[in-house]
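Working notes, structure below.
The values are calculated or read from the model by the stated rules, or taken from the named source; none is laboratory data. For clarity, every value in this text was computed on a predicted model and none was experimentally measured. Don't worry about glycine lacking a Cβ; one is built from the backbone with ideal geometry, like all the others, and counts go over all protein chains shown.
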Amino acid sequence: MYSFFAFLRRLKKIFNSVLINIVSIIRNIKIQQRLILILIMLSVVPLVITSIFSYNQSSSAIRSKTSTYSSQVMNQVGVNIERELNRLENDSIEIEFSSLTQNVLTNIKNMSAWEIEIVQLTMKENLVKKFSFLHDVSDVLLYTNDRRRIVAYGDRSFKLNLKKEFLDTYLKELEEKEGTPVWKSSNIDVEERLVKFATSAEQMNKSDCILLGRAVLSLETREIIGTLLIRTNERYFSNIYRNIDMGKNADIFVVDSDGIVVSSRNTKIPVAKQYKDQMLIKELLNRTGSQDKTFNMSIDGKKYMIAFSYLKDADWFVVSTIPYSYLNAEVKGILTNIMLLVMGCSVLAVLLSYIFTLTLSKPLKRLINTMNEVKRGNLSVSIIDNSTDEIGEVVGNFNTMLNEIKNLMESVKLNEKQKREAEIKILQAQINPHFLSNTLNTVKWLAGAQKAHNIEALVSSLIKLLHVSMGKGDDFITMGEEVEYIKSYINIQEYRYYDKFRVVFEIEEDILDYKVLRFLIQPVVENAIIHGIGPMTEQGLISIKGFKYNDVLKIRVTDNGEGIPRERLCKILTVDDYENKSKFSGIGINNVNERIQINFGDEFGLHIESVPKLYTTVELTLPIIS
């Protein structure tokens with residue numbers, strides 16, 4: 001008992017482990033796909049199971065009904081053929097015991113040719129009345145015991161002439177049966193029609209036929225006095241079943257117990273020949289006494305449903321062969337309809353499932369995408385969802401929280417901007433004492449050395465810089481004004497760093513009227529002079545370029561100075577360098593980047609590229625402000 005409970009606990013543990021794995025796998029599938037999958041399973045799977053069951057039931061029903069129908073049809077065809085056989089046998093009995101037949105066969109040796117001719121004409125006259133409505137009885141012949149032929153009925157101009165070997169065998173068989181009727185199939189191979197007035201080479205063959213023969217017995221002595229043959233065209237019997245439709249490529253034919261084809265509506269199954277598959281004949285003989293008149297078997301490598309009826313008196317079989325390809329075609333038709341139904345319902349189920357899941361997944365995806373946008377720092381997004389369901393309520397709450405966060409962020413950003421602007425204005429209002437001292441010392445040295453020839457230009461440049469530094473005018477100035485004060489600043493520095501550097505300007509004419517922030521380029525140029533060119537022993541080169549690129553304004557300052565070490569380059573935009581007191585404005589590189597991003601957004605700003613001992617390039621990206 002303990003081991004049983006231990007087994008149950010272990011089984012439960014395994015089940016829980018499998019369940020957890022399944023849940024984990026399902027959880028990794030998107031909700032929309034999960035919903036579509038479960039809805040399809042709930043709708044399509046039962047439909048498929050029902051369709052398979054219906055298909056199997058329909059297939060069985062079709063085969064069962066086809067089997068029953070074909071068996072009944074063969075039975076009815078057999079009844080109709082037997083009726084005609086009995087009718088012809090009764091006619092043969094009537095001919096056999098007629099006085100004319102008895103007289104001519106008994107006394108033919110004593111009769112003249114004229115008397116025999118009279119008997120033939122009389123017989124024909126009588127039989128014409130009997131067979132006038134039965135056109136397929138073509139000939140009635142009497143044979144004496146010494147094989148003399150008497151034409152009792154038929155076209156005397158085209159007399160029936162059976163080949164000797166066949167005739168002798170058949171007549172001998174009739175004599176052995178002693179009056180019992182014997183049916184025999186015949187074709188052009190064993191009979192010929194000789195035209196009475198033509199040469200022996202000219203023959204006219206008629207169609208396949210069925211012969212009814214019997215020995216003629218004397219009414220007085222019961223001895224055989226001759227034989228009677230009635231020739232009937234084969235179509236007389238095949239017309240009974242010719243128009244019966246058993247299905248595409250199905251055949252109906254009649255065979256005897258020896259496997260000889262007696263009647264057929266298909267020329268591929270020749271009359272008076274052995275049927276092509278003797279296994280079928282053996283199976284028919286084995287099933288003669290069976291109640292089940294249908295079975296399946298293969299003929300020429302193809303499967304057929306066989307139905308038959310046994311005609312005991314004639315020892316014939318009426319057989320129908322229905323190919324399974326036809327039955328399967330019927331079944332395939334049902335299968336096709338079922339498949340179309342399943343596919344249609346599946347498509348409808350998928351479509352409805354997709355539409356239904358969209359009502360859940362689409363708002364969720366929109367919410368997730370918006371959250372990702374917020375995660376990336378975009379607080380200007382919002383979701384429009386007027387629905388009143390739970391997702392709509394979540395979206396409404398999310399929009400409310402997002403607006404509150406955005407307001408708080410804008411408030412903080414505004415405060416920071418105001419604080420930085422105040423700091424910048426304070427810095428711009430200051431004149432670095434060391435810079436002013438150095439400049440004045442330069443002026444003093446020039447005055448003494450050059451007797452004041454360049455003082456006017458130097459002082460003029462200084463005045464321009466002081467005006468810009470003290471914030472004369474708006475926060476924005478034109479690019480042309482920015483270039484002019486940069487030139488003033490460079491003019492002053494050229495006196496300080498005599499022949500230490502050379503500056504090249506490449507400013508596009510089209511951008512001179514664009515607005516830029518005040519003191520935007522000067523800190524960059526100042527850093528290039530102090531940190532880039534200053535430590536060099538040879539003359540340096542500073543390139544200042546301004547141009548329009550992809551709807552933005554680019555300002556690029558490049559020097560061929562000392563460059564910036566990699567570790568310093570990583571920190572230069574996060575920490576201002578205030579240690580060097582020689583700066584004119586006191587505004588660092590990081591401060592320039594912050595001013596640009598505060599005023600124009602994070603997509604604008606400053607980028608530095610440097611290779612130590614080779615060059616440094618500082619590129620400013622600004623919006624175009626006309």
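Worth pointing out:
- Among the residues of region 526-579, those that are surrounded by fewer than 22 Cβ atoms within 10 Å (Cβ to Cβ), part of a helix (DSSP H, G or I) and of a type in the set (A, V, I, L, M, F, W, C) comprise 530, 569.
- Take the conditions (1) surrounded by fewer than 20 Cβ atoms within 10 Å (Cβ to Cβ); (2) modelled with pLDDT of 90 or more; (3) not basic (Lys, Arg); residue 479 misses just one of them, which is (1).
- Filtered residue count, region 199-215, keeping only those that are at pLDDT below 85, surrounded by 13 or more Cβ atoms within 10 Å (Cβ to Cβ) and not polar (S, T, N, Q): 2
- Residues that are assigned to a loop (DSSP other than H, G, I, E, B) and either aromatic (Phe, Trp, Tyr) or modelled with pLDDT of 90 or more (or both) within region 580-604 comprise 584, 603, 604, listed in sequence order.
- Per the listing 39, 8, 19, the residue uniquely modelled with pLDDT under 75, of a type outside the set (S, T, N, Q) and exposed (fewer than 15 other Cβ atoms within 10 Å of the Cβ) is 19.
- Given (1) over 30 Å from residue 221 (Cα atoms); (2) touching a strand residue (DSSP E or B) at 6+ places or on another chain (Cβ under 7 Å); (3) not polar (S, T, N, Q), index of the condition residue 47 fails: (2)
- Residue that is closer than 30 Å to residue 365 by Cα, among the β-branched types (Val, Ile, Thr) and either in the same structural domain as residue 131 (by TED's automatic domain parsing) or within 36 Å of the chain's Cα centre (by Cα) (or both), where the choices are 29, 116: 29
- Single residue of 271, 261, 319, 254 found to be touching a residue at least 40 places away in the same chain (Cβ under 8 Å), in contact with a Pro (Cβ under 7 Å, 6 or more places away or on another chain) and in the same structural domain as residue 207 (by TED's automatic domain parsing): 261
- The lone exception for residue 147 - which of (1) within 23 Å of residue 235 (Cα to Cα); (2) of a type in the set (Lys, Arg); (3) in contact (Cβ under 8 Å) with a residue 12 or more places away in the chain it fails: (1)
- Every pair of residues 6+ apart whose Cβ atoms lie under 8 Å, when the first sits in region 286-306 and is surrounded by fewer than 10 Cβ atoms within 10 Å (Cβ to Cβ) while the second is not basic (Lys, Arg): 300/277
- Among all residues of region 66-75, there is none that is surrounded by fewer than 12 Cβ atoms within 10 Å (Cβ to Cβ) and either assigned by TED's automatic domain parsing to the domain that holds residue 318 or part of a helix (DSSP H, G or I) (or both).
- Residue match in region 339-352 (condition: within 30 Å of residue 250 (Cα to Cα), exposed (fewer than 15 other Cβ atoms within 10 Å of the Cβ) and among the small types (Gly, Ala, Ser)): no
- Pairing residues of region 152-165 that are among the aromatic types (Phe, Trp, Tyr) with residues that are outside any helix (DSSP H, G or I) and at pLDDT 85 or above, at Cβ distances under 7 Å and at least 6 apart in sequence or on separate chains, gives 153/139; 153/140.
- Subset tally (residues that are farther than 20 Å from residue 589 by Cα and assigned to a strand (DSSP E or B)) for region 483-514: 6
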